[in-house]
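Visitor: This structure is in structure tokens; I'll ask about it shortly.
What follows draws every value from the coordinates through simple rules; no lab data is involved. Computed from a prediction, not measured in an experiment: that's the story for all the values here. A quick note on method: Cβ atoms are made from the backbone with ideal geometry, for glycine too, and the neighbour counts reach across all protein chains shown.
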């Protein structure tokens, strides 16, 4: 009798899911191709520029260009080796290519081979993926069979996305600032340098897009996420304007007050590096054991420090779209706070404005033919536009916006109410599966 009851309950649970039959090879590995193309283009262009610096005996620019070219490339090789677990398998050719800094290229070729060979021969599924499909405010549970090739391609995509973030913020971002600073100091624009600056900007923009997509996928892991073209359009404008404004402000400030840019950069890194650890010690939590089972306690601490350093580098240049929680199993804070977003962009806007104003008062003679007040206004307007596109994305283009307990309109409406009624207490955004616009409470509740 108990077996019949268990069988009936299992059948009822399976009936709630929309079963998608058949095993397919999934979407093409576009993210792997894009990350590899940006990596190879940046590596080759930086090598050509270093050759030009060597011919003109510019050892200073050549040394820094090589540093920002090799260090992130080595970290990318280590990341791919760790995520693909190559040290546990016998693949000497792949390890040799990683030593030659060609790891992303061989990974891309391998992913394309797996994709085009998938589906030719019938292969059994290895697992079943259960996701909730969002269609407006309606949710439909679905389950789909995952084949061995599709599972391998998912591993390649995840590794490529993480390596793209490392390449963007540990290599492309400092390389972009260096080449812009060199162009201003030398008062000349080399074709190879312009090409490298363009590739750096594309790499950083793509890295920020990957940060947004990964944040959405991690926070809403139970849902089937699909971004529309308008969402990508808003994110490209948001992130591109944000990166361009932040980088320009730092470079302009460094040309006027060269040595003062070092404490500002180190201060940003120190604050964002220490903040997750302060919150971790405040919670009195223990180290997460889901990071990697083969790591010792010391190895886990080193890995968490590297992750925190990458998190600090991202937030130094732009908003990371996630809050790092070292006590959580996924290392990501699932809830989302509009207060934290507002505080970040307000403080960053004030800092960028301060940097540009200081450059305006201490600028060199190189800018005598440039309308400095107009440049300051353009930078301020660009950053305001970046914040505007960010709000448009969260309000209208976010794939899970219907799950927000509060949206941008609630935040702006409650800010107006706050000015009329008095002080208020901020409330964080909590993801709700059954929340309508009529059920949403005010983002700021007024004290009685």
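Visitor: Modelling each spin label as a point 7 Å along the Cα-to-Cβ direction, I'd like the residue 334/residue 116 distance in nm, to one decimal.
Guide: 4.2 nm
Visitor: Sticking with this structure for a sec: Please give the length that would be gained between residue 362 and residue 51 if that part of the chain were fully extended, namely 0.36 nm times their separation in residues minus their C-alpha to C-alpha distance (nm, one decimal). Intermediate values should be presented prior to the final figure.
Guide: Details: separation 311, 0.36 × 311 = 111.96 nm, distance 3.39 nm.
Additional length available on full extension: 108.6 nm.
Visitor: Order of 107, 130 from fewest to most other C-beta atoms within 10 Å? Could you put the intermediate results ahead of the total?
Guide: Details: 107 25, 130 13.
In increasing order of surrounding Cβ atoms, one gets 130, 107.
Visitor: Let me ask something else. Reported to two decimal places, what Rg/Rh ratio describes region 18-226 when computed on Cα atoms with Rh from the Kirkwood expression?
Guide: On the way: Rg = 20.4 Å, Rh = 19.1 Å.
Rounded to two decimals, Rg over Rh is 1.07.
Visitor: By how many nm would the segment from residue 303 to residue 152 grow when fully extended, if each residue of separation counts as 0.36 nm and the alpha-carbon distance is taken off? Mind showing how you got there, number by number?
Guide: On the way: separation 151, 0.36 × 151 = 54.36 nm, distance 2.41 nm.
Taking 0.36 nm per residue and subtracting the Cα distance, the gain is 52.0 nm.
Visitor: Still on this model: For a footprinting-style exposure proxy, rank 201, 379 by other Cβ within 10 Å, fewest first.
Guide: Numbers: 201 17, 379 21.
Placing the least packed residue first, the sequence is 201, 379.
Visitor: Also: Would you mind calculating the gained length between residue 350 and residue 226 on full extension (0.36 nm times residue separation, minus the Cα-Cα distance), in nm to one decimal?
Guide: On the way: separation 124, 0.36 × 124 = 44.64 nm, distance 3.47 nm.
41.2 nm is the gain from fully extending residue 350 to residue 226.
Visitor: With an 8 Å cut-off on Cα pairs and a minimum separation of 6 or more residues, tell me the relative contact order of region 18-226 in percent.
Guide: On the way: 237 pairs, mean separation 66.8, N = 209.
Dividing the mean separation by the residue count of region 18-226 yields 32 percent.
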